[in-house]
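*Asks:* First, the structure itself, so that you have it in front of you.
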Amino acid sequence: MARIPTSALLLGLSGLLPFVWGVVTMYSDPLAARTVDWAGPRFIGPYVGLFYGSVILSFMSGVLWGFATKADGQVAATGYALSVLPALWAFFMTGGGPASAAVALIAGFIGLLGLDWLFWQQGLAPAWWMKLRLILTVGVVVCLWPIAF
């Protein structure tokens, strides 16, 4: 596999910060209290992880759509259809409370990894894509896990 470009790696890893912050504020009452005072309650604990997770899963639909634009014919049509699945998953599956939403997001990010692999296998994603996506998916799942279980 090709080397992940530094900018993509750094920006990808920085995208994990809201997930990490959610976990940190679940276990640190002083940090949670300061964050509530400074930014409000939706930026702590499960709230930030679940909301941000839904946003990122939807964002990744756009990334996959962009990959589909590199294809033609039936491959493109299938790519467009598959690319909307993560956003639809986030929209329809994240209700019903924090634990069930976290389980749904974990499943969504794991499913997204499968879609990433498919687009990568078809040569629509960069050569380094799967290496980056595996790192980020593990990070997201580790951060959502305490909310789910």
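Every number here is computed from the coordinates shown, using simple stated rules; none is lab data. For clarity, every value in this text was computed on a predicted model and none was experimentally measured. Virtual Cβ from ideal backbone geometry, glycine too; neighbours counted across all protein chains shown.
*Asks:* Sketch the reach of a paramagnetic label on ALA39 as a point 7 Å from Cα along Cα-to-Cβ, and name the residues of segment 48-74 whose backbone nitrogen lies under 15 Å away.
*Replies:* 48-56
*Asks:* OK, next. Say the dipole of the chain comes from +1 at the beta carbon of Lys and Arg and -1 at that of Asp and Glu; which of LEU17, THR94, VAL84 then lies farthest toward its positive end?
*Replies:* LEU17
*Asks:* Dividing the Cα radius of gyration by the Kirkwood radius, what Rg/Rh value follows for the chain? Provide the component values of the computation, followed by the final result.
*Replies:* Values: Rg = 16.3 Å, Rh = 16.0 Å.
Ratio of gyration radius to Kirkwood radius: 1.02.
*Asks:* Compute the projected area of the convex hull of the Cα atoms of segment 86-149, averaged over all viewing directions, and report it in nm² to one decimal place.
*Replies:* Average projection, Cα convex hull of segment 86-149: 4.2 nm².
*Asks:* Compute the Kirkwood hydrodynamic radius of segment 54-98, taking the inverse of the mean of 1/r over all pairs of distinct Cα atoms, and give it in Å to one decimal. Provide the component values of the computation, followed by the final result.
*Replies:* Numbers: mean 1/r = 0.0917 Å⁻¹.
About 10.9 Å, per the Kirkwood formula over Cα pairs.
*Asks:* At a threshold of 8 angstrom on Cα-Cα distance, excluding pairs fewer than six apart, so keeping six or more, what relative contact order does the chain reach in percent? Walk me through the numbers before you get to the answer.
*Replies:* Working: 183 pairs, mean separation 41.6, N = 149.
That works out to 28 percent.
*Asks:* Another question, if that's okay. With each label point set 7 Å from Cα along the Cα-Cβ vector, what nm distance links LEU31 and PHE91?
*Replies:* 3.4 nm
*Asks:* OK, next. Along the Cα→Cβ direction, 7 angstrom out, place labels at GLN122 and VAL75. What is the inter-label distance in nm?
*Replies:* So the label points at GLN122 and VAL75 sit 0.8 nm apart.
*Asks:* Continuing with the same structure: Mean-square fluctuation check for the chain, GNM, Cα pairs under 10 Å: which of ILE110, ILE56, ILE135 is largest?
*Replies:* Evaluated over the chain, the most mobile residue of the options is ILE135.
*Asks:* Okay, moving on. Kyte-Doolittle cut-off 1.0, length cut-off 20 Å along the helix's own axis using Cα: show which whole DSSP H helices in the chain pass. Before the final figure, lay out each step's value.
*Replies:* Details: long enough: 45-68 (35 Å, 1.30); 98-121 (34 Å, 1.43); 129-148 (28 Å, 1.71).
Span-like helices in the chain: 45-68, 98-121, 129-148.
*Asks:* Related question: If I take R0 = 35 Å and measure r between the Cβ atoms of ALA107 and LEU10 in this structure, what FRET efficiency does the formula 1/(1 + (r/R0)^6) give, to the nearest 0.05? Could you put the intermediate results ahead of the total?
*Replies:* On the way: r = 28 Å, r/R0 = 0.79.
With a Förster radius of 35 Å, E is 0.80.
*Asks:* Treating only the Cβ of Lys, Arg, Asp and Glu as charged (+1, +1, -1, -1), what charge dipole size does the chain show about its Cα centre? Round to the nearest 20 debye.
*Replies:* Values: 6 positive and 4 negative charges, 43 e Å.
Charge dipole, the chain, about its Cα centre: 200 debye, nearest 20.
*Asks:* Ok, one more. Treating segment 20-59 as a set of equal point scatterers at the Cα positions, no solvent, please give the Debye-formula log₁₀ I(q)/I(0) at q = 0.26, 0.33 Å⁻¹.
*Replies:* Scattering profile of segment 20-59, log10 relative to I(0): -0.76, -1.03.
*Asks:* Name the most mobile residue of ALA125, ALA81, ALA90, meaning the one with the largest mean-square fluctuation, in a Gaussian network model of the chain with Cα contacts below 10 Å.
*Replies:* Looking only at ALA125, ALA81, ALA90, the biggest GNM fluctuation is shown by ALA81.
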